[in-house]
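Here the structure comes first, spelled out in structure tokens, and everything after it is commentary.
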Amino acid sequence: RTERGREIRKAFIPREGNYVLLSADYSQIELRIIAELSKDPEMIEAFRSGQDIHAATAAKVYNVSLENVTSDMRRNAKMVNFGIIYGISAFGLSERLNIPRKEAAEIIDNYFSKYSRIKEYMDESIASAREKGYVETIIGRRRYLWDIYSPNHTVRALAERNAINAPIQGSAAALIKIAMITIHSDLKEKKIKQNMLLQVQDEC
């Protein structure tokens, strides 16, 4: 998305006039998955109503109307939305946003007070990992986390973050693969000549 990046994109062109390049991506797939896994009513409603999820989060975290959300508020909320998936701490958020740790802690606390089911889901994921030794994606693929039992706090904390993150990231990867197969089958059925060239994260 930088100027250099846009120049690089210009190098990718269809082979000739009868071809086009088509890009398809899932919008906010990881946040949609955590909304589904946690069953958080506030986040689900934001998606169902078609709101800008980062602006909606900013409005809740800063207790302002959507119309009064500033670009800085939205930027901070976006960082929290994605940081939560990776178990971001107040220290980590303060470093990324270059704000005092106290302010970062208040943002995270406000986030969990507004999206309380997400906090419960995260705690439940860690507890389940401790009980079973693994977590699962929505299609049942397991990620074993033996370090969840480690006496070393740092090692154990990483496993706990993975207990939260792995089901979300793994489920997103599974959905993308299913989408790719479905798209390929649909185009094949319509007898459209095509090649799938590249898949990156939530886009193909």
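Read-outs: derived from the displayed coordinates by stated rules, not from any lab. The structure displayed is predicted, hence computed values, not measured ones. For neighbour counting, all protein chains shown are included, and Cβ atoms are generated from backbone atoms with ideal geometry for every residue, glycine included.
Relative to the first principal axis of the alpha-carbon coordinates of the chain, what is the inclination of helix 71-85, with its axis defined by its Cα atoms, in degrees from 0 to 90 and to the nearest 10?
Long axis of 71-85 versus the principal axis of the chain: about 80 degrees.
Do any chymotrypsin sites (Phe, Trp or Tyr not before Pro) in the stretch 1-108 lie in a loop, going by DSSP, with at most 12 other beta-carbon atoms within 10 Å of their beta carbon, and if so which? Before the final figure, lay out each step's value.
Details: sites: Phe12, Tyr19, Tyr26, Phe47, Tyr62, Phe82, Tyr86, Phe91; in loops: Phe12, Tyr19, Tyr26, Tyr62, Tyr86.
Counting only loop positions with at most 12 other Cβ atoms within 10 Å, the chymotrypsin sites (Phe, Trp or Tyr not before Pro) in the stretch 1-108 are Phe12, Tyr19.
Could you calculate the FRET efficiency of Asn18 with Val200 from 1/(1 + (r/R0)^6), where r is the beta carbon distance between them and R0 is 25 Å, rounded to 0.05?
Working: r = 26 Å, r/R0 = 1.02.
Computed FRET efficiency for Asn18 and Val200: 0.45.
How far is helix 101-114 tilted, in degrees, relative to the longest principal axis of the Cα atoms in the chain, given as a value from 0 to 90 rounded to the nearest 10?
Taking the Cα atoms of the chain, the angle to 101-114 is about 80 degrees.
Would you mind computing, in nm to one decimal, how far apart the modelled labels at Tyr86 and Ile192 are, each placed 7 Å from Cα along Cα→Cβ?
Label at Tyr86, label at Ile192, 3.5 nm between them.
May I ask for the distance between the Cα centers of the stretch 123-190 and the stretch 15-76, given as a whole number of Å?
21 Å
Against the longest principal axis of the chain, how steep is helix 153-189, in degrees 0 to 90 to the nearest 10, with axes from Cα atoms?
20 degrees
Which trypsin sites (Lys or Arg not before Pro) from the stretch 134-167 combine a DSSP loop assignment with at most 16 other Cβ atoms within 10 Å?
Working: sites: Arg141, Arg142, Arg143, Arg156, Arg161; in loops: Arg141.
Answer by residue number: Arg141.
For the stretch 1-80, which trypsin sites (Lys or Arg not before Pro) are both in a DSSP coil and crowded by at most 15 other Cβ atoms within 10 Å? Let's see the in-between values first.
On the way: sites: Arg1, Arg4, Arg6, Arg9, Lys10, Arg15, Arg32, Lys39, Arg48, Lys60, Arg74, Arg75, Lys78; in loops: Arg1, Lys10, Arg15, Lys39.
Hits after loop and neighbour filter: Arg1, Lys10, Arg15, Lys39.
Given charges of +1 on the Cβ of Lys and Arg and -1 on the Cβ of Asp and Glu, with all other atoms neutral, how large is the dipole of the chain about its Cα centre, in debye to the nearest 20?
660 debye
Measuring from label point to label point, each 7 Å out along Cα→Cβ, what is the Ser65 to Asn152 span in nm?
5.4 nm
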